[in-house]
Amino acid sequence: MHPIGRTPASAFAALSVLTLRDANLRLYHTATLLVDSTRAGKRTPDALSKTVPIECAVLNRAMLIAHSKTKDWDVELYCPPGAVSEQERSQIVPLLDGWAKALVTSAYALPDIPLPLRPLWITPAASVVPRLPVLGNAEYLPIICVSASKQVHEGIERRLNGFSYVQGSGDDHELWGMGLTAELFWKHEDALLSTSREELPELVQEIVERSKTRKHRETWKTFPTPVRVTNGRLYVGNTSDMPSDVPNTLADVDGRVSFIVVSATAHVPQTDTPAAERVDGNQTLPDQHRSQRGDTVCVCCDSGKDASVGIALAALQLFFDDQGQLLEHGAAASAASKESIRTRLLEANPSRVTLKRVHEFLLSSPSYRRR
């Protein structure tokens, strides 16, 4: 489950949150299911009624540009009529082509999806379930938006259940999840759901710690992901995928490799080879001279999607131009802004805390960074 952006104005920036990279293979064969909730008295959250439809329409239009789809490729903006007025929809439509062009020219590696995406909605108030396309004869890939919100009068039924909806409580799960990931939850679903509330923190801690235990591994479990726009200069990876002894290079990479390992675990792979460098979390950025001398830089963190992505974002802003070319030594980087940071690595989705730290670092004065 991933948090979803909530306002149409930020829909283009939130495209990565639709988890297209993670759901790409599933999209080729079936549907994607998104679940969200909202406050009492409201039937469908804005994330499902506005943001997801915009994301689908933008991506469909981007497919026309990037992969030359046929003229009958569906680029319509579909919104639930009971939640989005025709006036509001007509105000959004003129913005879609601009967002699509910006997406195509960004660093995001667009998947070539076989069919256009179309959102469908299911709410507790629905009397019928939308008819899904027949597998093998479909005209679109359904994005099924399920609202878990029961429409009740404010402050009545929720008291009987003992729980209240708190807006934004699902965000920033890294602050309250104790390290429990979605993968770990589903792997230990039965044990977690059958444990009492009092014993749950201890069980979660045990599961998380057990997941960090590493067996000796000769090769990468999953190869690091290259940042496409840098032409192989920069990679991000997961510490749990690393070999027990970090190699002096990476497959398909010529020359020296520098590793930045940011980990809260007790065990970090050892670096015994002279050509590879281990850099701990205290040194949060690769030095520009490493890239100048031809190094490839690989940044790894415990999730492969958070701290490593934050460091990669900062490096892209400071050491590379808008086209992903490495800046000459001494050349000034372009002025950083939230927009330039966002377009550097659209396919990534670091936590809100990490992204805030990246903003604070890049948008502060250079003298502050050197402290």
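The values are calculated or read from the model by the stated rules, or taken from the named source; none is laboratory data. This is a predicted model, so every value here is computed, not measured. A quick note on method: Cβ atoms are made from the backbone with ideal geometry, for glycine too, and the neighbour counts reach across all protein chains shown.
If you scan region 16-48, which residues turn out to be over 12 Å from ILE143 (Cα atoms) and at pLDDT 65 or above?
Matches in region 16-48: ASP36, SER37, THR38, ARG39, LYS42, ARG43, THR44, PRO45, ASP46, ALA47.
With the structure loaded, tell me whether TRP121 is closer than 29 Å to ALA312 by Cα, touching a residue at least 60 places away in the same chain (Cβ under 8 Å) and either outside the structural domain of LYS50 (by TED's automatic domain parsing) or not β-branched (Val, Ile, Thr) (or both) or whether it fails that test.
no
In region 29-72, how many are of a type in the set (A, V, I, L, M), more than 20 Å from ASP97 (Cα to Cα) and without any contact (Cβ under 8 Å) to a residue 60 or more places away in the chain?
Final tally of qualifying residues: 1.
Out of (1) surrounded by 16 or more Cβ atoms within 10 Å (Cβ to Cβ); (2) at pLDDT 90 or above, what's the single condition that is false for ALA107?
(2)
Applying the selection to region 131-148, what residues are at pLDDT 85 or above and either outside the structural domain of ALA83 (by TED's automatic domain parsing) or not in a strand (DSSP E or B) (or both)?
Selection gives GLU139, TYR140.
Applying the selection to region 227-253, what residues are within 23 Å of THR343 (Cα to Cα), modelled with pLDDT under 85 and not in a loop (DSSP other than H, G, I, E, B)?
ARG228, VAL229, THR230, listed by residue number.
Give me a count of the residues in region 166-219 that are farther than 27 Å from SER244 by Cβ, modelled with pLDDT under 90 and among the small types (Gly, Ala, Ser).
Total satisfying the criteria: 4.
Based on what the data block shows, is GLU88 in a helix (DSSP H, G or I), at pLDDT 80 or above, more than 19 Å from ILE122 (Cβ to Cβ) and of a type in the set (Asp, Glu)?
yes
Give me the pairs: first residue in region 193-204 and under 15 Å from LEU180 (Cα atoms), second residue among the hydrophobic types (A, V, I, L, M, F, W, C) and assigned to a loop (DSSP other than H, G, I, E, B), beta-carbon distance under 6 Å, and six or more apart or on different chains, which are they?
Final answer for the pair search is VAL204/MET178; VAL204/LEU180.
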